[in-house]
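Asker: Have a look at the structure that comes next, please.
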Amino acid sequence: MTTMSRYLLLGLLVIATVGRADQPQYAAVASAHPLATEAGLEILRQGGNAFDAAVAISAALAVVEPSGSGLGGGGFWLLHRQSDNKEVMIDGREKAPGYANARMYLDEKDEVKPRASLDGPLAGGIPGVPAAIVYIAMNYGRLPLATSLAPAIRYARDGFAITEGLQKAIKGRSDVMSQYPPSAAIFLPDGKVPEAGQVLVQTDLANTLQSIADKGLAGFYYGDMAAKLIQGMQQFGGIWSLQDLEQYSVLERLPQKFTYRDISVVSASPPSSGGIVMAETLKILEHFDLRAMDRITRVHYVVEALRRAYRDRSVYLGDPDFIKVPVDRLLDPDYIEAMAMTISADKATPSDELGENPGPKQSGESTTHFSILDTEGNRVAATLSVNLTMGSGFVIPGTGVLVNNEMDDFSIKSGIPNSYGLVGFEANAIAPGKRPLSSMSPTFVESSDRIGLLGTPGGSRIISMVLLGILDFADGQLPESWVDLPRYHHQYKPDVVLYEPAAFNQQEQQQLKAMGYELRESNRLYGDMHAVMWDKRTGYVYAESDKRGEGAARILKPESKP
Ligand code: GLY
C-alpha cells in the first residue's frame, strides 16, 4: 500500500469512527406531536431533505394538532440551504380579505364588537399554509409534493388518537364550534367533546390535502376547491372572495439578521415583530455584563430591555408591504445606547414613562413550532398558527379546513389591546390584502462551534421565550436547558412581569417587588419549544421538545435510512 493510500484509508477510518465535523452526524426533528415528528422522519428516510420534511410536518400538524395550525392558517418558515448558505424566510402569513376594512370590528359608536375578530368566519384571514407548503416543495424540496403530503393524508383518512392537549383545546372552544355544524360534525361528534384517546377521522381534510397533492396551488386557491371554500365561507357570513384566494401568494423575505456578542442570530422579519424586538432587546443587553450579574439583577435588565423593545413594537411595526418599518432607526447603535442609558441599575421603569399607551390584557396560547436539521446541514425552523386555540372555531363545510382568527393580530382599534394584550396603532391597522403583525419567531443561532434552531408558540410571549433560549445558548447550555427554562415575560403593557411558578422563589419575588415590579404568576406553564442543536466540533446533534407539551424530538441515524 502506498503512503498516499494509507493516509486515505486512515482518513476514511477517522470519518467513519468520529463522524465529520463539517456536517451533522444525524438528522434531527422536534415538533409538537409525535405523529408530526414521525412524518418528518418518514420523509427523511425516503431521501427527502429538511425542506421536504418541513412540508410533511406542516401538513401533518394540520391534521393532528389542529388547535395550533392548519391549512386554514399561516406561518413563517425559516430556511437555511447548506449548499449555497441561502437563508430565507418564507412568509405564508394570512392576508386580510379584499372586503376587510379598518372599522370592520367596530360598532356605530366606534366601540369594539366583542369577539367579532375572534369567532367565526369573519375572524379569518386568507390562509397561507397551503401556498407555503407547495412553494417549499417546489423550490427547495427534492421529493414530489404528493410524497411529502402522504403521511398527513393517511393520518386524516385513517384517524389518530386525540391527545389530552387536543381534547382540552376542543373543550375550550366547544361553545363556538357548537354554533357551526361543519365544525361540530368533526370536533364534537354526537354533540360532545371527544375523550382523549378517541380516534379522530377527518375525511374532508384528507380530500383537501389530496387535492393539493394532485394539483398544487390550484388544488386550494383555484377551481372547484376555491369555489367550495368561498361558498362555504359566504354561507356562514364570511367575506372571502375567489379573487382573494387567487391573489394570495407567499413571499420570500430576507430574515432579520443580527449579532449578540459573538453569536449570529437569524430570525423572523416583518410582518413578524419577533426578529426586530429580539434584536432591539439583545442590543440593549450588550451594554451590560449579564454574566457578571446575580440572577435577579439579570432578570431586571432583561425585563427592562424587553419593555423598551415591546414598546417600539406597538408603535412602529406592521406589514412592510404597507408601511415603512423603521428597522434601521430602531436598531441604530445611538438609539440603542440611549435606551440602555434609561435603565436604572436598581429600579423598574414604569411603562407609562416610556409613552402614553393604554392597555389591560389577557393572554392566549396556541400556534406551533418545529425544528429540522438534515445530514447535509439544511435546516428549517418554522412557526405556524391559526392564532388562538382552534382558530376561529369555524370549519368550512366539505373541506375540513379550520379557519384562523389571525385578524385579531391586527390593531382592531388604535390603542386598544388585542387578545394577547398587545396594543397597536396605525402601523398595524387593518387594510385589504395586508398581513397582520405577528410575534412568531422561528430562529437560528450560531456561534463559532454550535448551531441552534428554536421557536415556540405562545402569542406575545413567543419573543421573550425565544430570547431566553438565545441567552441560554450564549451561556453554552444545550437544547434540553433552552426548552425547560422557567419563563418570565414583560411586554411593556400591561406593566407586569408574568412568570411561571418555577421562575422565582419567594426571596427573588421580594427582591423584584422591592425594585418596583408588579409580578403576576402565570396560572399555567406556557410555551412549547422544539429545538435542535448541531455541535460543529464533533458533528453531534441534539433534539429536544418542551416537557410542557406533548411533542417528540428524534434523531435519525443515517444507517436507519433504507
Ligand atoms: N398569532 C400569533 C402571532 O402571529 O403572533
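Asker: Inspect the range 300-309 for any residue being over 13 Å from residue 491 (Cα atoms) and open to solvent by less than 50 Å² (accessible area, probe 1.4 Å) and give the result as yes or no.
Answerer: Yes.
Asker: Assess whether residue 287 counts as being open to solvent by less than 20 Å² (accessible area, probe 1.4 Å) and either at pLDDT 95 or above or among the aromatic types (Phe, Trp, Tyr) (or both).
Answerer: no
Asker: Any residue in the range 444-460 that is away from the ligand (no atom under 16 Å from the Cβ) and among the hydrophobic types (A, V, I, L, M, F, W, C) sitting within a Cβ distance under 8 Å of a residue that is assigned to a loop (DSSP other than H, G, I, E, B) and open to solvent by 10 Å² or more (accessible area, probe 1.4 Å)? List the pairs, counting only those 6 or more apart or interchain.
Answerer: 451/536
Asker: Could you say whether any residue in the range 482-501 is in contact with a Lys or Arg (Cβ under 6 Å, 6 or more places away or on another chain), without any contact (Cβ under 8 Å) to a residue 40 or more places away in the chain and open to solvent by 10 Å² or more (accessible area, probe 1.4 Å)?
Answerer: yes
Asker: Would you mind stating whether residue 142 is among the basic types (Lys, Arg), open to solvent by 10 Å² or more (accessible area, probe 1.4 Å) and modelled with pLDDT under 95?
Answerer: So residue 142 does not fit the description; no.
Asker: Do we find that residue 473 is surrounded by 24 or more Cβ atoms within 10 Å (Cβ to Cβ), touching a residue at least 24 places away in the same chain (Cβ under 8 Å), within 16 Å of the ligand (Cβ to nearest atom) and of a type outside the set (S, T, N, Q) in this structure?
Answerer: no
Asker: Among the helices (runs of 4 or more DSSP H) lying completely within the range 89-202, list those that include at least 2 residues that are over 22 Å from residue 75 (Cα atoms).
Answerer: The qualifying helices (runs of 4 or more DSSP H) are 145-158, 164-172, 174-177, 181-187.
Asker: Moving on. Only residues that are within 16 Å of the ligand (Cβ to nearest atom), open to solvent by 10 Å² or more (accessible area, probe 1.4 Å) and closer than 15 Å to residue 470 by Cα: list them for the range 245-283, please.
Answerer: Hit for the range 245-283 is 256, nothing else.
Asker: Let me ask something else about it. So residue 558 ticks every box in (1) out of contact with any Ser or Thr (no Cβ under 8 Å at 6 or more places or on another chain); (2) open to solvent by less than 60 Å² (accessible area, probe 1.4 Å) but one. Which box is left unticked?
Answerer: (1) is the only condition that residue 558 fails.
Asker: I'd like the residue in the range 72-88 that is in a loop (DSSP other than H, G, I, E, B) and within 16 Å of the ligand (Cβ to nearest atom) and, out of all such residues, is nearest to the chain's Cα centre (by Cα).
Answerer: Going through the qualifying residues, I end up with 73.
Asker: Sort out which residues of the range 374-408 are more than 15 Å from the ligand (Cβ to nearest atom), among the aliphatic types (A, V, I, L, M) and closer than 27 Å to residue 182 by Cβ, and write them in order of number.
Answerer: The answer is 395, 396, 401.
Asker: Continuing with the same structure: Against the condition basic (Lys, Arg) and surrounded by fewer than 17 Cβ atoms within 10 Å (Cβ to Cβ), how does residue 547 come out, does it pass?
Answerer: yes
Asker: Would you mind stating whether residue 218 is within 25 Å of the chain's Cα centre (by Cα) and open to solvent by less than 60 Å² (accessible area, probe 1.4 Å)?
Answerer: Spelling it out, it is not the case that residue 218 is within 25 Å of the chain's Cα centre (by Cα) and open to solvent by less than 60 Å² (accessible area, probe 1.4 Å).
The values are calculated or read from the model by the stated rules, or taken from the named source; none is laboratory data. Please read all numbers here as calculations on a predicted model, not as lab measurements. No Cβ is skipped: glycine too gets one built from the backbone with ideal geometry, and neighbour counts run over all protein chains shown. When the accessible area is computed, the model is the full protein with side chains, heavy atoms only, and any ligands, DNA or RNA have been set aside. Shrake-Rupley method; radii C 1.70, N 1.55, O 1.52, S 1.80 Å.
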